[in-house]
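Below is one structure, written out as structure tokens; the observations come after it.
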Ligand code: PMP
């Protein structure tokens, strides 16, 4: 595409940003989002990679966003949404949180990508070690997959063993050893991965036994948050069994806290269960939207971590570390978890009342601060898709088959507004059911 065409489209984008009216995408003449999708399809396979491809979502979802503030997002056509996805987790304090943005601005002036880290690396490492209960040391990366993969490598280095035990259906990243897709993945990539069932201590015991003396690590997520199924909290006895089986087998216990980290408990998601991992992987909420992940470990594994060759060109970027430090400072001074719980409970209670009013069999599972919606007997998520499609067209951004996220920026008035939109969206679904049946 010619530069002049790009400039014309960019101008059109800016003009449409001035529009504040919420309208369904199909009603928008010359939708900027549609133009961008068309251009993207020419230069990007499928127009977008992975789960962030809006073509996977029902009618009405935008692919491209223009700005975010607090708990609101604006798309490139000027539609505003109450955001209940929080960028799939990273936005824990709200889009554009002033303390984080100030830290980012200041650090950007000083420098980001330099020949080595800035002092902020040490400040952030000290703060994360102070925050996470089991952490004696930390290392930083960029993505959640970097952190989970590094945990596995450190566990193998420490134990000199090969097998990694993972729960069937759990997501740990999009790299060959754990990707949910087998496209481009070899049998050898998966050769030492053994599956067990989440919340089933017996199946974990069997998996440990089947690995004989070769178990390097048991990997477990903070709760069961597999896509397209109801969420499930870990039982105390399962959490304890994970710890005990790791200890008995001499294996490393890895908590994948990438998705839940800092929303359930600031000190680590299994703190309320009284079970501490040897290694944990954090990302998403760690820097309120800036690219940062971390591995946190116990003293016993410091030597192994030090021997593993771990590095990445952008892993010491000072801006993300400054964002992370500011985020942890806010999490340390404000009781964000309690706020998320209160807002999540208000949303959950309200949605139950409204769904019942419309005669719809709503289910809500998992922790209230990471809401997950489904409808009973809703094969292929037809009802969930219809509900979310109606909601997004009215300015509420939900997800029909993935857990969602709340942030500190969601206030009672935002939840009340979200509920009033949900009321209308439930009404649309109830009418659709009535007209079909
Ligand atoms: N582990 C869990 C539990 C996750 O939810 C994710 C991301 N959804 C990852 C690992 C991988 O993180 P990333 O996409 O940043 O590589």
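Kindly establish whether residue 268 is assigned to a loop (DSSP other than H, G, I, E, B), surrounded by 22 or more Cβ atoms within 10 Å (Cβ to Cβ) and out of contact with any helix residue (DSSP H, G or I) (no Cβ under 7 Å at 6 or more places or on another chain). Against the criterion (assigned to a loop (DSSP other than H, G, I, E, B), surrounded by 22 or more Cβ atoms within 10 Å (Cβ to Cβ) and out of contact with any helix residue (DSSP H, G or I) (no Cβ under 7 Å at 6 or more places or on another chain)), residue 268 qualifies. Mind checking which residues of the stretch 87-98 are within 14 Å of the ligand (Cβ to nearest atom), crowded, with 19+ Cβ neighbours inside 10 Å and not in a loop (DSSP other than H, G, I, E, B)? Listed by number, the list holds a single entry, 87. Tallying residues that are within 10 Å of the ligand (Cβ to nearest atom), surrounded by fewer than 18 Cβ atoms within 10 Å (Cβ to Cβ) and either touching a residue at least 60 places away in the same chain (Cβ under 8 Å) or under 16 Å from the mean Cα position of the chain (by Cα) (or both) within the stretch 164-178 yields 1.
From the list 92, 154, the lone residue that is in contact with a helix residue (DSSP H, G or I) (Cβ under 9 Å, 6 or more places away or on another chain), farther than 19 Å from residue 332 by Cα and modelled with pLDDT of 95 or more is 154. The set of residues from the stretch 244-264 being buried (at least 19 other Cβ atoms within 10 Å of the Cβ) and more than 16 Å from the ligand (Cβ to nearest atom) comprises 245, 246, 249, 251, 252.
For (1) surrounded by fewer than 22 Cβ atoms within 10 Å (Cβ to Cβ); (2) in contact with a strand residue (DSSP E or B) (Cβ under 8 Å, 6 or more places away or on another chain), each residue gets a yes or a no:
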{"site": "334", "(1), (2)": "yes, no"}
{"site": "339", "(1), (2)": "yes, no"}
{"site": "364", "(1), (2)": "yes, yes"}
{"site": "387", "(1), (2)": "no, yes"}
{"site": "420", "(1), (2)": "yes, no"}
{"site": "425", "(1), (2)": "no, yes"}
{"site": "428", "(1), (2)": "yes, no"}
{"site": "433", "(1), (2)": "yes, no"}
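Residues of the stretch 265-283 that are more than 14 Å from residue 220 (Cβ to Cβ), more than 11 Å from the ligand (Cβ to nearest atom) and touching a residue at least 40 places away in the same chain (Cβ under 8 Å): 265, 266, 267, 271. Checking each residue in the stretch 154-207 for being over 19 Å from residue 280 (Cβ atoms) and assigned to a helix (DSSP H, G or I) picks out 188, 189, 190, 201, 202, 203, 205, 206, 207. Take the stretch 396-429 and flag every residue that is under 23 Å from residue 228 (Cα atoms) and assigned to a loop (DSSP other than H, G, I, E, B). Within the stretch 396-429, 398, 399, 400, 401, 402, 403, 404, 405, 406, 407 qualify. Collect the residues in the stretch 208-245 that are in contact with a helix residue (DSSP H, G or I) (Cβ under 6 Å, 6 or more places away or on another chain) and in a helix (DSSP H, G or I), keeping them in residue-number order. Of everything in the stretch 208-245, those that are in contact with a helix residue (DSSP H, G or I) (Cβ under 6 Å, 6 or more places away or on another chain) and in a helix (DSSP H, G or I) turn out to be 208, 236, 238, 239, 241, 245. Put simply, of 121, 128, 84 the only residue that is crowded, with 16+ Cβ neighbours inside 10 Å, in contact (Cβ under 8 Å) with a residue 40 or more places away in the chain and either within 16 Å of the ligand (Cβ to nearest atom) or within 18 Å of the chain's Cα centre (by Cα) (or both) is 84. Among the residues of the stretch 219-235, are any on the phi > 0 side of the Ramachandran plot and surrounded by 24 or more Cβ atoms within 10 Å (Cβ to Cβ)? No, the stretch 219-235 has no match at all.
Which one is nearest to residue 300 (Cα to Cα), of the residues in the stretch 246-255 that are touching a strand residue (DSSP E or B) at 6+ places or on another chain (Cβ under 7 Å) and either part of a helix (DSSP H, G or I) or at pLDDT below 95 (or both)?
Out of the qualifying residues, it is 246.
Taking the stretch 133-163 as the range and being more than 14 Å from the ligand (Cβ to nearest atom) and within 25 Å of residue 274 (Cβ to Cβ) as the test, the residues that pass are 133, 134, 135, 136, 137, 138, 154, 155, 158, 159.
So which residues in the stretch 225-235 are touching a residue at least 60 places away in the same chain (Cβ under 8 Å), closer than 20 Å to residue 262 by Cβ and in contact with a strand residue (DSSP E or B) (Cβ under 8 Å, 6 or more places away or on another chain)?
Passing the criteria: 231, 233.
Conditions tested, residue by residue: (1) on the phi < 0 side of the Ramachandran plot; (2) assigned to a helix (DSSP H, G or I); (3) within 16 Å of the ligand (Cβ to nearest atom); (4) loosely packed, with under 13 Cβ neighbours inside 10 Å.
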| position | (1), (2), (3), (4) |
| --- | --- |
| 55 | yes, yes, no, yes |
| 68 | yes, no, no, no |
| 73 | yes, no, no, no |
| 100 | yes, yes, no, no |
| 105 | yes, yes, no, yes |
| 116 | yes, no, no, yes |
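The values are calculated or read from the model by the stated rules, or taken from the named source; none is laboratory data. Since the structure is predicted, the reported quantities are computational estimates derived from the model, not experimental observations. Glycine also receives a Cβ, built like all others from the backbone with ideal geometry; neighbour counts cover every protein chain displayed.
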